[in-house]
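Here's the structure we're looking at; comments come further down.
The values are calculated or read from the model by the stated rules, or taken from the named source; none is laboratory data. Given the structure is predicted, the values throughout are model-derived calculations rather than measurements. A quick note on method: Cβ atoms are made from the backbone with ideal geometry, for glycine too, and the neighbour counts reach across all protein chains shown. Heavy atoms of the whole protein, side chains included, go into the accessibility calculation; ligands, DNA and RNA do not. Shrake-Rupley method; radii C 1.70, N 1.55, O 1.52, S 1.80 Å.
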Amino acid sequence: MVREMALRACGFIVFRRLAVVPPPDNIEYLLLQTSYGEHHWTPPKGHVDPGEEDLITALRETKEEAGLGAEQLQVLDGFVQELRYEVRGRPKEVLYWLAELRDPGTAVTLSDEHQDYRWARVEEACTLAQYKDLQDTLRAAHRHLEADLDKQQ
Ligand SMILES: Nc1nc2c(ncn2[C@@H]2O[C@H](COP(=O)(O)OP(=O)(O)OP(=O)(O)OP(=O)(O)OC[C@H]3O[C@@H](n4cnc5c(=O)[nH]c(N)nc54)[C@H](O)[C@@H]3O)[C@@H](O)[C@H]2O)c(=O)[nH]1
């Protein structure tokens, strides 16, 4: 039996820390709303080009979709989440890493693929995200950041 190859996409859960609010409530996550289809919200991500490395895809898509480049991001070690769902009857897998926006004041610049963006605290981000698997991923990211914080204290 030939198993159908899953469509593969990679992206970043981009977050920023506001200076004026004490942690962990100062953490906000970036979500983008598509300008097509159901106008759903997801972190920046997109399809892996043939031969492209996963992290390079995540960086390229984040630059294309949000205008945020590698030099503006700090990619975190030790966190990656894999989502699997079906799109038009085909299996799709999405890998998300975590990346902090170094300067929380950096402006987001959207492409034609998205019509809106939001910096949202974890619960608002989950409300926007809608999908259970993406909500779980956002909460896992938040727990990971909170655990990091505990270690520093
Ligand atoms: N005009 C038009 N054009 C489209 C359309 N569709 C695509 N284009 C074009 O394709 C290009 C995109 O290329 P990339 O940027 O490289 O790829 P991705 O970023 O991967 O983008 P996608 O939108 O293909 O993929 P998803 O976000 O995965 O959404 C697909 C479906 O999956 C569901 N879904 C989404 N997220 C989750 C989740 O976390 N969990 C679960 N469980 N389900 C989830 C949801 O139901 C959704 O409808 C663009 O240039 C468009 O021009 C469309 O309907 N009309």
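Worth a mention:
- Note, ³J(HN,Hα) from phi for region 75-86, Karplus 6.51, -1.76, 1.60, rounded to Hz, x at Gly and Pro: 7, 8, 7, x, 9, 8, 10, 10, 10, 10, 8, 9
- When a 1.4 Å probe is rolled over the protein heavy atoms, the share of accessible surface on the chain that falls to carbon and sulfur comes to 50 percent.
- Range in the chain, longest, excluding exposed chymotrypsin sites (Phe, Trp or Tyr not before Pro) [loop by DSSP; at most 15 other beta-carbon atoms within 10 Å]: 37-130
- Test item: Cα-centred dipole of region 13-153, Lys/Arg +1 and Asp/Glu -1 on Cβ, debye: 240 debye
- Think of a 1.4 Å ball rolled over the protein heavy atoms: the chain then has 56 Å² of accessible area per residue.
- Shape category assigned to region 15-153 from the gyration tensor of Cα positions, a/c cut at 1.5: rounded
- Taken as Cα centroids, region 9-49 and region 64-96 sit 10 Å apart, rounded to the nearest whole angstrom.
- Beta bridges by DSSP in the chain, antiparallel share as percent, to the nearest 5: 75 percent
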